[in-house]
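The values are calculated or read from the model by the stated rules, or taken from the named source; none is laboratory data. These numbers were taken from a predicted model, which means no experiment stands behind them. Counting neighbours? That spans all protein chains shown, and the Cβs are built from the backbone with ideal geometry, glycine included.
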């Protein structure tokens, strides 16, 4: 249980940022014993129970706040902090690790590993720039960190939250418990428990020599690319013929080709049937059913790492949502309206637990908008879920925002481009959609797309036209100039 102060000092912020960077493996000079003691004191101070005025409450008493947030991930913390800044007495309840998926087993450690893989790829290209040799040994490390183990929480019909036998309540309660990786049950695939999920990927202490990734989404693509670039023999098993099938068709096709060109074995139209433990790892049995052909059974032996990347489930079980009548869909996602309201007055939900746009910045933005509506009387404060930019940290990365091919209006026009520089093995593809001259979608894959997308996303959000792009003088030589010179 963490009580957020109404005023957050800049010194405290810097200490938290430093602690977060250190826990994720970023190189930092070791703190002095005195500094470490001060940092630990701040953590414990932030986690103390709220001080009571007068005598302590009797057993069974309910502690009240203005804002009670269930889930200490990106969305929950952002909303609680903003509410505290606006003068609310806010508290956060977290059952696992503060920071949620992104900080602990998602975006942040993934980006570190992706950067490592990119360095490995650059070393292969050094000969084209005149370097005679660039040999380096990669040392796979496990980044260890400490965390406080908190307690599970659940609703009762009041509504109040019970944490370790003590009850808390507030007129405004936010559910931001996030999600968790999906994995098949043993009844579906015998031996499925021998595999790990993306959470387990960040606990690997050694680089696997033989990896099998199951899934076709962005998590599967990113992990397969990282492992392959760092030297693991990697297979990516997908049920159809392309990865990222919900993305623009050009991106989906090109990303599949890039994976294969980089050495990833893409097993198309394939599914796992059984997993067995062996003396040298695990043996994965699969069936490949190419349309128009008879299914073929094969096995992959000596697998060190079998990783399921087949989707994510909401963290809503165990909250006793039924006691309050909070509506969920068949998968357990909490149903909310455009203002993040559930069907129960005073209870809201943001982030992955809602099942819409599962991205850290989306949860943060929605949480902050909600805090402004509740505690600054901005009645129309809500997140616009249209034109949300996203990046896939594949090799090379993908940037996409807006409408995709097939979802655009009939009168929407498409301008594709393909730029190839064979000598350095750099390939870039871009596609732009515009509707009555307004740019409504941009999709690209190539080096630097992850960094350049943010500015182009602003342009799409502002309603920039194709003429605006044409009238912008290109910066040369850069990759981004391709988007203002498309014809």
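Table: residues versus (1) touching a helix residue (DSSP H, G or I) at 6+ places or on another chain (Cβ under 8 Å); (2) under 30 Å from residue 222 (Cα atoms).
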{"residue": "305", "(1), (2)": "yes, yes"}
{"residue": "319", "(1), (2)": "no, no"}
{"residue": "334", "(1), (2)": "yes, yes"}
{"residue": "337", "(1), (2)": "no, no"}
{"residue": "344", "(1), (2)": "no, no"}
{"residue": "355", "(1), (2)": "no, yes"}
Would you be able to say whether some residue in region 93-103 is within 30 Å of residue 381 (Cβ to Cβ), over 20 Å from the mean Cα position of the chain (by Cα) and at pLDDT 95 or above?
no
Quick check on this structure: which one of 335, 364 is surrounded by fewer than 16 Cβ atoms within 10 Å (Cβ to Cβ) and at negative phi?
335
Of the residues in region 338-361, those that are buried (at least 21 other Cβ atoms within 10 Å of the Cβ) and more than 14 Å from the chain's Cα centre (by Cα) number 7
Check off (1) more than 22 Å from the chain's Cα centre (by Cα); (2) without any contact (Cβ under 8 Å) to a residue 12 or more places away in the chain for residue 252 and give me the number that stays unchecked.
(1)
Of all the residues that make up region 370-385, how many are free of Cβ contacts under 8 Å to residues at least 24 places away in the same chain and part of a helix (DSSP H, G or I)?
0
Taking only region 184-199 into account, find how many residues are within 18 Å of residue 277 (Cα to Cα) and under 17 Å from the mean Cα position of the chain (by Cα).
1
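Looking at 74, 79, which is the one that is within 24 Å of residue 197 (Cα to Cα), surrounded by 18 or more Cβ atoms within 10 Å (Cβ to Cβ), touching a strand residue (DSSP E or B) at 6+ places or on another chain (Cβ under 9 Å) and not assigned by the TED database to the domain that holds residue 199? Talk me through it step by step, then tell me what you get.
Numbers: 79 fails: within 24 Å of residue 197 (Cα to Cα).
Matching residue, one of 74, 79: 74.
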Give all pairs with beta carbons closer than 6 Å in which a residue from region 430-447 that is in the same structural domain as residue 244 (by the TED database) and touching a residue at least 40 places away in the same chain (Cβ under 8 Å) meets a residue that is part of a strand (DSSP E or B) and buried (at least 22 other Cβ atoms within 10 Å of the Cβ); count only pairs at least 6 apart in sequence or on separate chains.
none
Output the number of the condition that residue 329 fails; it satisfies all remaining conditions of (1) at pLDDT 95 or above; (2) loosely packed, with under 13 Cβ neighbours inside 10 Å; (3) over 24 Å from the mean Cα position of the chain (by Cα).
(3)
Residue list for region 450-471, restricted to those being farther than 30 Å from residue 218 by Cα and surrounded by 15 or more Cβ atoms within 10 Å (Cβ to Cβ):
468
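Within region 130-138, is even one residue loosely packed, with under 10 Cβ neighbours inside 10 Å, modelled with pLDDT of 85 or more and over 30 Å from the mean Cα position of the chain (by Cα)? Before you say what the answer is, go through the steps one by one.
Of the residues in region 130-138, the ones loosely packed, with under 10 Cβ neighbours inside 10 Å are 130, 132-133, 135-137.
Checking which are modelled with pLDDT of 85 or more leaves us with 130.
Filter once more, so that each one left must be over 30 Å from the mean Cα position of the chain (by Cα): 130.
Yes, region 130-138 contains at least one residue that is loosely packed, with under 10 Cβ neighbours inside 10 Å, modelled with pLDDT of 85 or more and over 30 Å from the mean Cα position of the chain (by Cα).
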Single unsatisfied condition, residue 320 versus (1) exposed (fewer than 15 other Cβ atoms within 10 Å of the Cβ); (2) modelled with pLDDT under 95:
(1)
Return a yes/no flag: does region 357-374 have any residue that is farther than 24 Å from residue 85 by Cβ and not assigned by the TED database to the domain that holds residue 287.
yes
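Would you confirm whether or not region 314-323 contains a residue that is free of Cβ contacts under 8 Å to residues at least 40 places away in the same chain, more than 21 Å from residue 87 (Cα to Cα) and either in a loop (DSSP other than H, G, I, E, B) or within 16 Å of the chain's Cα centre (by Cα) (or both)? I'd like the intermediate steps shown before the answer.
So the first thing to find is which residues in region 314-323 are free of Cβ contacts under 8 Å to residues at least 40 places away in the same chain, and the list is 317, 322.
Filter once more, so that each one left must be more than 21 Å from residue 87 (Cα to Cα): 317, 322.
In the following step, the residues that additionally are either in a loop (DSSP other than H, G, I, E, B) or within 16 Å of the chain's Cα centre (by Cα) (or both) were identified as 317.
Yes, region 314-323 contains at least one residue that is free of Cβ contacts under 8 Å to residues at least 40 places away in the same chain, more than 21 Å from residue 87 (Cα to Cα) and either in a loop (DSSP other than H, G, I, E, B) or within 16 Å of the chain's Cα centre (by Cα) (or both).
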Across (1) exposed (fewer than 15 other Cβ atoms within 10 Å of the Cβ); (2) modelled with pLDDT of 95 or more; (3) on the phi > 0 side of the Ramachandran plot, residue 298 clears everything bar (3)
